[in-house]
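Visitor: My questions will all concern the structure given below.
Please treat every number below as a calculation from the coordinates, not as lab data. What you see is a predicted model, and the numbers here were worked out from it, not measured in a lab. Neighbour counts are summed over all protein chains in view; Cβ atoms, including those assigned to glycine, are modelled from backbone coordinates with ideal geometry.
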Amino acid sequence: MIKLPFSDGSGDYLVNPSKIIALGLNYQAHIEESVSVNVKGFDKVAPKEPVLFPKAPSSLIGPGEDIIIPAALSDYDFPTPSRTDHEAELAFIIKDECKDVPAEEAYSHILGYTCFNDVSQRNLQTGDKAGWFRGKSLDTFGPIGPVIVKTEDLEDPQNLNICCRLNGKLVQESNTSFMIFRIPEIVAFISRWFTLKPGDIIITGTPSGISPLKGGDVVEVEIEKIGILKNRVIAG
């Protein structure tokens, strides 16, 4: 069970989504990364509509908890070296049940914003015929936190500096203004196909600079006006 405090000191929030819906390929610079973004059916051209994939709620961990790279990966004879990457992302939490939300009403259905690390096992992600689910949803592959900033307390979520540090070294640096699909579009598109429930989490994609994790690493996701999400990596 994960509880995150609201940044205004009004109490804690129990993170318990019915679903996590993530966007892939939502920053042009990330699309152009040639090594890790080796996804069937895509090239360097921006997608015409949001690329969605699910992430299991059981993947969630809180600030300070360990990301565990499972030992079971050693059972596979991958054609390329086993690689698990960090992905710094802005996440938002849905406030109420909603469907077919007009883009201009999207913000009224968002409870607040936080940091997310969409940890991704690349060999499974690119190799599974069924899609990205397994490579994105392993236990501990969803760090979230450290606080939730309520919608009314964040003036412009579409203009926030976002970065990731690996062992203190800056590896990702961008701004949420560079999203291909912006937050109102994302809510409108997703709610067209799925009923969103209170507590559902939507993660908005990562900028360029992803790199592999190994046991002993410390990874930090920082988003302006939200805070720093810090986790250690353990080789299972």
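Visitor: How much length would be gained if the chain were fully extended between residue 65 and residue 104, taking 0.36 nm per residue of separation minus their Cα-Cα distance, in nm to one decimal?
Guide: Values: separation 39, 0.36 × 39 = 14.04 nm, distance 3.69 nm.
Roughly 10.4 nm would be gained on extension.
Visitor: Among 210, 191, 140, pick out the residue whose Cα is farthest towards the positive end of the charge dipole of segment 134-236, where Lys and Arg carry +1 and Asp and Glu carry -1 on C-beta, about the Cα centre.
Guide: The one lying farthest along the dipole's positive direction is 140.
Visitor: A follow-up question, please. Using a cut-off of 16 Å between alpha-carbon atoms, which aspartates and glutamates can reach residue 169, once sequence neighbours fewer than 8 places away in the same chain are excluded?
Guide: Partners within reach: 85, 87, 217, 220, 222.
Visitor: Sticking with this one: What is the extension gain from residue 193 to residue 153, computed as 0.36 nm multiplied by their sequence separation minus the C-alpha to C-alpha distance, in nm to one decimal?
Guide: Working: separation 40, 0.36 × 40 = 14.40 nm, distance 2.89 nm.
In short, 11.5 nm is gained.
Visitor: May I ask you to give the average projected area over all directions of the convex hull of the Cα atoms of segment 111-236, in nm² rounded to one decimal?
Guide: Numbers: hull surface 34.2 nm².
Its average projected convex-hull area is 8.6 nm².
Visitor: Show me the three semi-axes of the equivalent ellipsoid for segment 2-235, from the C-alpha gyration tensor (sqrt of 5 times each eigenvalue), largest first, rounded to whole Å.
Guide: Details: eigenvalues 134, 83, 56 Å².
Taking √(5λ) for each eigenvalue gives 26, 20, 17 Å, largest first.
Visitor: How high is the relative contact order of segment 80-236, given as a whole-number percent (alpha carbon pairs under 8 Å, six or more residues apart)? If you can, show how the numbers build up before the last one.
Guide: Numbers: 346 pairs, mean separation 54.2, N = 157.
35 percent.
Visitor: Each label point is 7 Å from the Cα along the Cα-to-Cβ direction; what then is the distance between the points at residue 177 and residue 76, in nm?
Guide: 3.9
Visitor: In a Gaussian network model over the chain where Cα atoms closer than 10 Å are linked, find which of 112, 215, 142 has the largest mean-square fluctuation.
Guide: 215
Visitor: Moving to a separate point now. What's the exposure ranking of 107, 27, 76, going from fewest to most Cβ atoms within 10 Å? Intermediate values should be presented prior to the final figure.
Guide: Values: 107 17, 27 25, 76 11.
Listed from fewest to most nearby Cβ atoms, that is 76, 107, 27.
Visitor: Nearest 0.05, what FRET efficiency do residue 16 and residue 45 give at R0 = 45 Å with Cβ-Cβ as r?
Guide: Working: r = 38 Å, r/R0 = 0.84.
My answer for the efficiency is 0.75.
Visitor: Determine, for 193, 132, the number of other Cβ atoms within 10 Å of each Cβ, and report the residues in order from fewest to most. Don't jump to the answer; show the numbers that get you there.
Guide: Working: 193 10, 132 21.
Going from sparsest to densest Cβ surroundings: 193, 132.
Visitor: Distance in nm between label sites at residue 134 and residue 232, each 7 Å beyond Cα in the beta-carbon direction?
Guide: 3.0
Visitor: Given the pairs 19/44; 3/48; 136/225, which are separated by over 32 angstrom at their Cα positions?
Guide: 3/48
Visitor: Between residue 214 and residue 170, with labels modelled 7 Å along Cα→Cβ, what's the label distance in nm to one decimal, could you check?
Guide: 2.5
Visitor: Once you've got the GNM for the chain with C-alpha springs shorter than 10 Å, pick whichever of 219, 187, 51 has the biggest mean-square fluctuation.
Guide: 51
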